[in-house]
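Taking it in order: structure first as structure tokens, then the write-up.
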Amino acid sequence: MDYAANLLTIESRIKAACDRALRLRESVELLAVSKGQTSQAIQALAQEGLILFGENKVQEARAKIPQCPPHLKWHMIGHLQSNKCRDAVLTFDFIEGVDGLSLASELEKWGQKLGRIKKVLIEVNIGGEGSKYGVPPVEIVPTLLRINEFPHLEVHGLMTVAPYSPDPERVRGFFRKMRECKLDCEAALGAPLPQLSMGMSNDFEVAIEEGSTRVRIGTFLFGARVRKNFDKSESGYNE
Ligand SMILES: *Cc1c(COP(=O)(O)O)cnc(C)c1O
């Protein structure tokens, strides 16, 4: 796998999407989704300058992280089980995908016990799909206001996994709705939220055009995953 070539292609497409949206390239972070990939593959991309990596299983991340360069930043993406909150707080720099108050309470409990303050994003089920995790759009403002009161959680914004379509134009409306959710949250908070994590291999350009500040890209960077069959109970995302 030619990781350097994959990265160059993605970089040029991110830049082009930023140009179309009159945005600076620096306004979008690239998170390499390394679930199901080996630590060798992660090291190869780290050598190309990538720093942010996303995993969706706490145990897998804990096995791989010690084999990777220490300057990398690790994000938990997708669904987190409440019995994994302690390890997640210890392992990850950022927890994306806080999908409700009960998970937030559990993370707050461990943040307090362990003396850590965690950066989090709140996951929105923007397509209203029964198969996906996340807070329904109509509940996002009250949920965010509650979670924002937890002293050991720092709410940086929202994340979503948009419904899948082979034609990314068809998910543009969901990304636009996410941006509106973020504006509603900011109005209710009276403060800006820096992050809107949305867009994956299939739809990241449309997501950037609609305001994404962090695209999460796996397949397009690494090639197909080594470990298959990760399921929605762990990732909130179906292959
Ligand atoms: C797997 C996954 C991704 C990356 O998906 P690709 O299609 O491989 O780019 C992004 N976000 C979440 C939450 C995921 O589970």
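Residue separation times 0.36 nm, minus the C-alpha to C-alpha distance between residue 81 and residue 27: what's the value? Please report the intermediate quantities before stating the final value.
Details: separation 54, 0.36 × 54 = 19.44 nm, distance 3.10 nm.
Taking residue 81 through residue 27 to full extension adds about 16.3 nm, to one decimal.
Over the Cα atoms of the chain, what Rg and Dmax result, in angstrom?
Taking only Cα atoms of the chain, I get Rg and Dmax of 16.7, 46 Å.
For residue 119, what residues show an amide H to amide H distance below 5 Å, using hydrogens built from the backbone and excluding near sequence neighbours?
Under 5 Å from the amide H of residue 119: 95, 154.
Can you give me the relative contact order of the chain as a percent, contacts being Cα pairs under 8 Å and 6 or more apart?
Working: 453 pairs, mean separation 55.3, N = 239.
Relative CO of the chain lands at 23 percent.
Residue by residue, what Karplus-based ³J(HN,Hα) values in Hz, rounded to whole numbers, does the range 41-49 have, using 6.51, -1.76 and 1.60 with θ = phi - 60° and x for Gly and Pro?
The phi angles translate into 5, 5, 4, 4, 6, 4, 5, 7, x Hz.
Can you find, among 102, 40, 165, the residue sitting farthest towards the positive end of the charge dipole of the chain, where Lys and Arg contribute +1 and Asp and Glu -1 at Cβ?
The residue sitting farthest along the positive end of the dipole is 40.
Go through 84/177; 73/182; 15/118; 113/182; 15/73 and tell me which ones have a Cα-Cα distance over 28 Å in this structure.
Details: 84/177 31 Å; 73/182 24 Å; 15/118 30 Å; 113/182 30 Å; 15/73 22 Å.
Long pairs (Cα-Cα over 28 Å): 84/177; 15/118; 113/182.
Can you give the charge dipole size of the range 141-190 about its Cα centre, rounded to the nearest 20 debye, using +1 on the beta carbon of Lys and Arg and -1 on the beta carbon of Asp and Glu? Numbers along the way, then the final one.
Values: 7 positive and 7 negative charges, 36 e Å.
Around 180 debye, computed over the range 141-190.
Return the sequence-ordered ³J(HN,Hα) values of the range 168-177 in whole Hz as given by the Karplus equation 6.51 cos²θ - 1.76 cosθ + 1.60 applied to θ = phi - 60°, using x for Gly and Pro.
So the Karplus estimates, Gly and Pro as x, are x, 4, 6, 9, 3, x, 5, 5, 5, 5 Hz.
In terms of the Cα gyration tensor, with a ≥ b ≥ c the square roots of its eigenvalues, is the range 69-124 rounded because a/c is under 1.5, prolate because a/b exceeds b/c, or oblate?
Numbers: a/c = 1.88, a/b = 1.22, b/c = 1.54.
Judged from the Cα gyration tensor, the range 69-124 comes out oblate (a/c at least 1.5, b/c at or above a/b).
Based on C-alpha coordinates, I'd like the Rg and Dmax of the range 1-120, in Å.
Using the Cα atoms of the range 1-120, the pair Rg, Dmax is 16.0, 46 Å.
Got a sec to turn the phi values of the range 89-99 into Karplus ³J(HN,Hα) couplings, 6.51 cos²θ - 1.76 cosθ + 1.60 with θ = phi - 60°, whole Hz, x for Gly and Pro?
Ordered by residue, 3J(HN,Hα) equals 4, 6, 8, 9, 7, 9, 10, 8, x, 7, 9 Hz.
Which value, in debye to the nearest 20, describes the size of the charge dipole of the chain about its Cα centre when Lys and Arg Cβ atoms bear +1, Asp and Glu Cβ atoms bear -1, and nothing else is charged?
I would put it at about 440 debye.
What does the net charge come to around residue 125 if you take all other residues with beta carbon closer than 9 Å to its beta carbon, with K and R at +1 and D and E at -1? Don't jump to the answer; show the numbers that get you there.
Working: positive: 132; negative: 99, 123, 129.
With Lys, Arg at +1 and Asp, Glu at -1, the net is -2.
What fraction of the Cα pairs in the range 78-210, stated in percent, has a spacing above 24 angstrom?
Numbers: 2390 of 8778 pairs.
Above the 24 Å cut-off, the range 78-210 has 27 percent of its Cα pairs.
The numbers here are math on the coordinates, done by the rules we state, and not lab data. This one's a predicted model, so the numbers in the text were calculated from it and none came from an experiment. Quick reminder, even Gly has a Cβ in these numbers, built from the backbone with ideal geometry, and neighbours come from all protein chains shown.
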